[in-house]
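Step one of this worksheet: look at the structure below.
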Amino acid sequence: MIKVRVKKTWKKFGLDVNFEIPHEKVTALFGPSGAGKSSILRLVSGLERADGGMIHKGEDVWYDESKAIHLLPQQRSVGFVFQDFA
């Protein structure tokens with residue numbers, strides 16, 4: 001299971017999310033344009049760095065702001081397809 005609790009602030013909006021992704025399950029993010037779906041994927045995958053919080057996959061820590069841990073995207077076992085390339 002991937003546990004996500006992250007905060008990120010950009011110039012125009014902020015994101016504060018807390019959710020879990022079940023192990024070996026297909027998971028979809030959906031919502032209106034500009035809701036932050038791609039931003040969440042970028043944070044979970046490591047393409048974007050959060051301002052705070054944590055991302056864990058089981059016992060593995062991918063990101064933990066309080067412990068100064070930030071694994072690179074290639075060190076995380078996550079895959080997704082952006083809507084522009086689907």
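The values are calculated or read from the model by the stated rules, or taken from the named source; none is laboratory data. Since the model is a prediction, treat every value here as computed from it, not as a measurement. With ideal geometry, Cβ positions are generated from the backbone for all residues, glycine too; neighbour counts draw on all protein chains shown.
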Exercise for review: Please work out which one of (1) farther than 12 Å from Leu15 by Cβ; (2) surrounded by 15 or more Cβ atoms within 10 Å (Cβ to Cβ); (3) touching a strand residue (DSSP E or B) at 6+ places or on another chain (Cβ under 8 Å) is the condition Ala50 fails and give its number.
Suggested key: (1)
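Here is a yes/no grid of residues against (1) more than 16 Å from Ser77 (Cα to Cα); (2) of a type in the set (A, V, I, L, M, F, W, C):
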| position | (1), (2) |
| --- | --- |
| Arg5 | yes, no |
| Lys12 | yes, no |
| Ile21 | no, yes |
| Glu24 | no, no |
| Ala28 | yes, yes |
| Pro32 | yes, no |
| Ser38 | yes, no |
| Val44 | no, yes |
| Leu47 | no, yes |
Check your understanding: Checking Asp84 against (1) acidic (Asp, Glu); (2) surrounded by 13 or more Cβ atoms within 10 Å (Cβ to Cβ); (3) at pLDDT below 90, which single condition isn't satisfied?
Key -> (2)
Point to revise | Which listed residue is touching a strand residue (DSSP E or B) at 6+ places or on another chain (Cβ under 9 Å) and crowded, with 17+ Cβ neighbours inside 10 Å, from Ile69, Ile55 | key: Ile55
Check your understanding: From Val26, Val44, Val17, which residue is aliphatic (A, V, I, L, M) and at pLDDT below 85?
Key -> Val26
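Can you find, within segment 1-47, the residue that is surrounded by the most Cβ atoms within 10 Å (Cβ to Cβ) among those that are assigned to a strand (DSSP E or B) and touching a residue at least 40 places away in the same chain (Cβ under 8 Å)? Steps first, answer last, please.
If we filter segment 1-47 for residues that are assigned to a strand (DSSP E or B), which is where we start, we get 2-9, 14-21.
Within this subset, residues satisfying the condition of being touching a residue at least 40 places away in the same chain (Cβ under 8 Å) are 2-9.
Values: Ile2: 19, Lys3: 14, Val4: 20, Arg5: 18, Val6: 23, Lys7: 15, Lys8: 20, Thr9: 12.
The extreme case among them is Val6.
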